[in-house]
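What follows draws every value from the coordinates through simple rules; no lab data is involved. Not measured: the values here are computed from a predicted model. Ideal geometry is used to build each Cβ from the backbone, glycine not excepted, and the neighbour counts take in all protein chains shown.
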Amino acid sequence: MKPSDAMGLFLRTWRAEWAGITRQQLGLALSAYPDVRVTDAVVRHWEQGQPPASTAEFDALLDVMSRHGLTRPEIDDVRRAILAAVCDRQYADLFPDEDFADRDDVVDVAWRLQGEVSHPRERNVVNLVCRVHELRSAIAEGATSKPGRDRLHEQQVALIWMREALACRVWSRPLQTSQLHAGTHRLLHEFFGSRPPHPASPHKWLSAAASARMVGLHTADDVPRLLELARRAREAGDDWDYYWLHGVALNGAASFGTPEMCTYLRSQSEQWLRLVETLTDWPELLLGARDMLCAAAIRDGTLDEAERLLMDVHPVSGFGVFNFNVPHRMAQFAEARGDYDEAIEHYERHLDLAMVWDHPGKIEDNRRAIERCDRARMKASRRRQRPAVPPHGKASTETPAVAPSRSGEKRGGAAS
């Protein structure tokens, strides 16, 4: 896809599907800026690949997109896409019109992109949207033109992983992430029936959709349904389904459930952890299991168990999600044991990562946590400095056992 087409496709996708506004509404929002007059016809030209005509239009468009939910890293991706579209319009021969869906390594590229990364710049949101579109279009054409069966299968698998990469990229908007996962769950059934290629179990995406929805709505309402599905998976011997479903239920209970729900889930997780320990080819699954159990143990107040699990996860690097989660888990643990200085230090590290991703929810959560720990630290400090008061609040009339004399010497003797 050429850069001008990529810019137009992303703008149309953002406007219609993400922001949910019409071309006329976008034009009115942009026309409120100085020196900008944009009609719905102008917006249509942009969506057909024509870049904004002036710096004022360019800046106004980016500002409106930011106000409608795009993060700063995503705005940077859009800025680069518009500049590339300008070059494409001026020097069309510089950019070949490649079709990503026809690449021989399409599955490998999609798999790498969905892997965990530690910085948002490694996933360009404009490119991800365009590649999802190209794969979807190629699969639709393949269903009618009957291409090679192997090629169609590769494109279907690549679309699943590319949607996963996009869902991970927009994770600062949990409800959008949930919708993407739910859509992928439906596609798996459409493409492969009830048993798709391992390890792409439909329940992985069903549980991921539930997890994102619980985060977006701050609720544990999905936990009972996930537990029932996990019970059925265990009885049927579906280890992968049992892993995903029980793990997300545990995480939901630890994050948003009642203390009783959290205690119950921890008591039911021993067999689950033993299963995960057998999946030696997937070390990130074991790390995820221990991280979720650690969160539940902190919530449950069993800090010795939380510390043991935290020591298993803490030294690990290389998995982006754990690089992000570990400071938060360490902060929670330090706060729970009353070490507020250390907790603030870890919350500040986590805040820095949230700022890199421009994740509004996590930025606000960390700031509140830092303020909470600071208040608790000050309260504890005042409590330590406060002089002891005898029972019933009466001042002591006893002579101190050791008191300075007028001459500056110390006098001994017991108080009478």
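For region 99-169, the equivalent ellipsoid derived from the alpha-carbon gyration tensor has semi-axes of 23, 11, 9 Å in decreasing order.
Charge tally around residue 371: other residues with Cβ under 14 Å, Lys/Arg +1 each, Asp/Glu -1 each, net +1. Please give the helix 3-13 orientation as an angle from the longest Cα principal axis of the chain, in degrees from 0 to 90, rounded to the nearest 10. Approximately 60 degrees, to the nearest 10.
Using the Kirkwood radius built from alpha carbon pairs, what does the Stokes-Einstein equation give as D for region 1-138 at 25 °C and 0.890 mPa s, in µm² per second? The Stokes-Einstein estimate is 156 µm²/s.
Need one number for region 243-385: average projected area of the convex hull over its C-alpha atoms, nm². Could the numbers behind the result be given before it?
Details: hull surface 36.4 nm².
Mean orientational projected area (region 243-385, Cα hull): 9.1 nm².
When the chain is described by a simple charge dipole with +1 on each Lys and Arg Cβ and -1 on each Asp and Glu Cβ, the residue from 175, 292, 262 located farthest towards its positive end is 262. A Cβ-based charge dipole, computed about the Cα centre of region 317-384 with Lys and Arg at +1 and Asp and Glu at -1, lands at about 480 debye. Oblate is the label for region 129-254. Its Cα gyration tensor axes, ordered a ≥ b ≥ c, give a/c of at least 1.5 and b/c at or above a/b.
Rg and Dmax, both from the Cα atoms of region 317-384 and both in Å, are 12.5, 43. Taking each DSSP H run with n ≥ 4 as -39500 (n - 2.57) and averaging over every residue of the chain yields -22500 deg cm²/dmol at 222 nm.
Contact order normalised by length for region 317-384, with contacts defined as Cα pairs under 8 Å and 6 or more residues apart; what percent is it? Intermediate values should be presented prior to the final figure.
On the way: 53 pairs, mean separation 19.2, N = 68.
Relative contact order of region 317-384: 28 percent.
In summary, the convex hull built on the alpha carbon positions of the chain has an orientation-averaged projected area of 32.2 nm². Positive-end ranking of 10, 206, 251 along the dipole of the chain, with charges on Cβ about the Cα centre, is headed by 251.
Quick check on region 198-311: take the gyration tensor over C-alpha atoms, sort the square-rooted eigenvalues as a ≥ b ≥ c, and tell me if it's rounded (a/c under 1.5), prolate or oblate.
Values: a/c = 1.63, a/b = 1.13, b/c = 1.44.
Oblate shape, in that a/c is at least 1.5 and b/c is the bigger or equal ratio.
When the square roots of the Cα gyration tensor eigenvalues are ordered a ≥ b ≥ c, the ratio a/c for region 46-203 is 1.5 or more and a/b does not exceed b/c, which makes its shape oblate.
Could you give the size of the charge dipole of region 198-311 about its Cα centre, using +1 on the Cβ of each K and R and -1 on the Cβ of each D and E, expressed in debye and rounded to the nearest 20?
Computed about the Cα centre, the dipole is about 220 debye.
Between region 1-54 and region 144-188, the alpha-carbon centres lie 26 Å apart.
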